Amino acid sequence: MGTLATKLVLLPPNDPESKGLVERRNGWFETSFMPGRTFTSAADFNTQFADWLTRANARVVRTIKASPLDRLDADLAAMLPLPPIPLHLGWRNKIRLGRDYYVRLDTNDYSVDPNVIGRMVDVAADLERVRIRADGRIVAEHARVWARGTTITDPAHVEAAARLRKQFQQPRAVVAGDDLAHDLVRDLADYDRAFGLADGLGDGLGDGLGDAEEIG
């Protein structure tokens with residue numbers, strides 16, 4: 001909104017009169033454009049809709065006593081120019097990828113490279129593609145599905161998940177000379193110092209034990 005210098009108007013709930021213009025326009029599209037048509041995709045819908053609007057906007061509207069096409073030049077002259085920077089179009093969101101390595105868009109789930117589980121990913125979608133990025137790098141790309149309740153899975157993501165799961169179930173063995181093995185070895189002198197057995201105390205204890213053995 002800031003890029004386009006526009007204002008968002010939130011309509012109050014349970015107030016159909018305030019959005020009647022939009023509802024009437026949508027109703028006209030449903031009754032005048034939709035009947036008898038079939039669509040293979042969102043792009044096909046937009047193509048047919050654009051062709052129909054070209055003819056519909058040339059008709060004279062009774063309320064304004066002119067066609068929308070005749071009023072187009074005046075509307076364009078009153079509009080602000082587009083900003084010089086590119087606009088972020090489509091649907092965008094930033095989420096942390098869960099352990100199931102899927103992101104949800106509308107009611108559909110799209111798989112993501114499981115190597116970025118637990119990291120923040122950017123989800124961007126337009127009418128045709130869904131792209132997920134981590135640190136600017138694309139980690140998943142799918143064709144957008146307009147059905148509801150569908151799970152879209154990339155076989156490469158399933159293979160990567162199986163490989164990571166196998167690595168997790170088989171921890172790395174500790175070998176001699178390894179840094180990890182070296183860290184687990186504790187100097188026994190540390191225990192002598194902790195219990196006060198260092199600095200000659202051990203010699204006295206040894207003498208006492210020797211005397212006990214001789215008496216026995």
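The numbers here are math on the coordinates, done by the rules we state, and not lab data. No experiment lies behind these values; they were computed from the predicted model shown. Glycine gets a Cβ as well: all are built from the backbone with ideal geometry, and neighbour counts include every protein chain shown.
Some notes on this structure:
- Dipole size of segment 91-169 about its Cα centre, with +1 on Lys/Arg Cβ and -1 on Asp/Glu Cβ: approximately 260 debye, rounded to the nearest 20.
- Cα point-scatterer Debye curve for segment 20-78, base-10 log of I(q)/I(0) at q = 0.15, 0.20, 0.24 Å⁻¹: -0.57, -0.93, -1.13
- Separation of segment 5-21 from segment 126-153 is 31 Å, based on Cα centroids.
- Here the Kirkwood formula puts the hydrodynamic radius of segment 1-51 at 13.8 Å, using every distinct Cα pair.
- Pairs of alpha carbons in segment 91-169 whose separation is greater than 16 Å (percent): 46
- Segment 37-194 - Debye-derived log10 I(q)/I(0), Cα point model, q = 0.16 Å⁻¹: -1.02
- Cβ-placed point charges (K, R +1; D, E -1), dipole of segment 1-71 about Cα centre in debye, nearest 20: 300
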